[in-house]
Amino acid sequence: MRVETLIARVEGPALDRHPAILEGAAIIREGGLVAFPTETVYGLGADASSVAAVDRIFQAKKRPPDNPVIVHVAELRDLSRIGRLDAAGGRRLLERFWPGPLTVVVPALEPVRSAVCRGLETVAVRMPAHPVALALIRAAGRPLAAPSANLSGRPSPTTARHVLEDLEGRIPLILDGGQCDVGIESTVLDLSGDSAAILRPGAVGAQQIAEHLGSEVALAGSRPERSPGTRHRHYQPRAPVIAIGLDVSSIAVDRLLETLSGRLRHHRLIGYIATRRAPKASAGLQVLDRTGSGLLTRNFYRDIRHLDRRESHLIFVEAVGAGEPIMDRLSRASVCSLTRKDFDDPGLADRVLSLIPE
Ligand code: TXA
Ligand code: MG
C-alpha cells in the first residue's frame, strides 16, 4: 500500500518537545516506521519489541529476511533489557564510545530477540550520537530497531533526500537532520563469543577497541560465518565502479581518462572521485574532489548516488589514503580494482569499456 511520505526538518533546542519528534514517536508506538538521522547514516526505525513493526521494516526495504537489524538505545542502562553484556571490559568500552559509531553484538533477551534477531541468539545494539535520533528514542519510550534507511542493495543514505529517493511512498515520515557527519555505517563488534571480533569495520578502529576492552580484537573478515550482512550483495550502483589502486600514477590516470572520453561520445559521462589530485579535465568527465582529510568517507555514499543519478557510465574511485572501512565498502561496490600493472596493457581502455552494460 502506498502512503504519502512527509519530510520534516528537525533542529533547534528542546528537541524532546519538537512537533515532528512527537509525531514520529506516536507513529513508532502505533507500530509504524520513521526514518531518522544518526551520525553515521540514516536509519529506518520501528519498535524493537514488536514482531509486526519490525516485519514492516523488512517489507519497506525489501530486506532479505535472514539479515538481523541493529537496536538503538538512548541510555546505557537500556542495554540490560535487550542483551547481556558479559564480556570483560565491555562496560568500560561502551562508556568510552557511546554515544557513537560502535555497535556491539551480545546474547539477546526477549522480547527483542523474537522481533529482530531472525533466528540468531545474539542482538546488535548501539547508542547513536545524533540529537534527533536520541530525542526520537526517548520520546517513543522504547528502543528502536533500525537498519540503514535505503532499499536493500542500494548505498546507505546520508541525507533525507537519499531516503526519499529509495523509500518514497513506502514510509510515512522522514526526520531531516541534515547530512550525516561520519558518512558510513558503524563498526560492528561481536562480543558474544570467547574473543572479540570486528564483523564490519567503521569509524571506531580495532586498536582503539582493544585498548579499552583490555583484550585483542580479531579483524573484519576473520569471522564471516558470524556476520549475516556479508552474505548479501551490497551497494552496487547501475554504473560499474572501478577502484584505482595506490600504485597507479596520476599521469597514467590522465592518459586513460583522455582515451576513454575520446571514445565515449554522445553524452556518456565518466565519474571520478579523487583523493590524491583531481585529474585533467576532459569531455564528459565529472570530477568530485575529495582530497581533504575525511572527505572521502563523509561523501562516499553521497558521491556514488550523485554519479549514479547523473547516469554516469563508469565510476572511478581513487583508493589513495582510504582507510580500512572505506576499502571494505569500495570492494563491495566495485567490479574491479586497477593496479599499475594493468596500465602496462595497451588494451586497458577496451577492457574498461567492455565493463559498461549494453
Ligand atoms: O551505523 C549504523 O550501524 C546504521 C545506523 C542506522 O545505526 N545501521 C546499519 O544497519 O548500518 P544495517 O542493518 O544496514 O546493518 C546492520 C549490520 C548488518 O550487516 C547485519 O548483518 C549486522 O549488522 N548484524 C545485525 N545483528 C547482528 C547479529 N546479531 N550478529 C551479527 N551481525 C549482526
Ligand atoms: Mg544497510
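Taken together, the values in this text are just the output of simple stated rules run on the coordinates, not laboratory data. No experiment lies behind these values; they were computed from the predicted model shown. We place every Cβ from the backbone using ideal geometry, glycine too, and count neighbours over all the protein chains shown.
Counting only DSSP beta bridges whose two residues both lie in the chain, roughly 35 percent are antiparallel.
Across the range 165-208, the fraction of Cα-Cα pairs farther apart than 12 Å, rounded to a whole number, is 72%. Each label was represented as a point 7 Å from its Cα along the Cα-to-Cβ direction; for Arg223 and Ala281 these points are 5.2 nm apart.
Take 37-49, 346-358, 182-194 and order them by the average number of nearby Cβ atoms within 10 Å per residue, most first; the result is 37-49, 182-194, 346-358. For Lys341, a cut-off of 13 angstrom between C-alpha atoms picks up these aspartates and glutamates, skipping any fewer than 8 places away in its own chain: Asp247.
Overall shape of the chain was characterised from the C-alpha gyration tensor. The equivalent ellipsoid obtained from it has semi-axes of 37, 24, 17 Å, in decreasing order.
What residue among Pro157, Pro172, Pro68 shows peak mean-square fluctuation when the chain is described by a Gaussian network model with Cα springs under 10 Å? Comparing Pro157, Pro172, Pro68 in the GNM, the peak value goes to Pro172. The local environment of Pro37, defined by Cβ-Cβ distances under 11 Å, has a net charge of -3 under the rule Lys, Arg +1 and Asp, Glu -1. Every Cα-Cα pair of the range 175-249 was included, and the share exceeding 15 Å stands at 67 percent. How would the range 266-317 be classified by its alpha-carbon gyration tensor: rounded, prolate or oblate, with rounded meaning a/c under 1.5 and the a/b versus b/c comparison settling the rest? Oblate, because a/c is 1.5 or more while a/b does not exceed b/c.
Summing charges over all other residues whose Cβ lies under 12 Å from the Cβ of Gly284, with Lys and Arg as +1 and Asp and Glu as -1, gives +2. Both numbers refer to the Cα atoms of the range 1-45; Rg and Dmax are 11.3, 36 Å.
When the alpha carbon gyration tensor of the range 152-295 is reduced to an equivalent ellipsoid, its three semi-axes come out at 34, 23, 15 angstrom, largest first.
When only alpha carbons of the range 1-111 are considered, Rg and Dmax amount to 15.5, 48 Å. With respect to the chain, whose longest principal axis is taken over its alpha-carbon atoms, helix 51-61 is tilted by about 10°.
Straight-line reach from Lys61: taking Cα to Cα under 13 Å and skipping same-chain neighbours fewer than 8 places apart, the aspartates and glutamates in range are Glu165, Asp166, Glu168.
Each Cα pair of the range 117-237 feeds into the Kirkwood radius, which the Stokes-Einstein equation turns, at 20 °C and 1.002 mPa s, into a diffusion coefficient of 131 µm²/s.
Size estimate for the range 46-121 follows the Kirkwood approach: the inverse of mean 1/r over distinct Cα pairs works out to 13.3 Å. Each part reduced to its alpha carbon centroid, the range 257-281 and the range 38-53 end up 39 Å apart.
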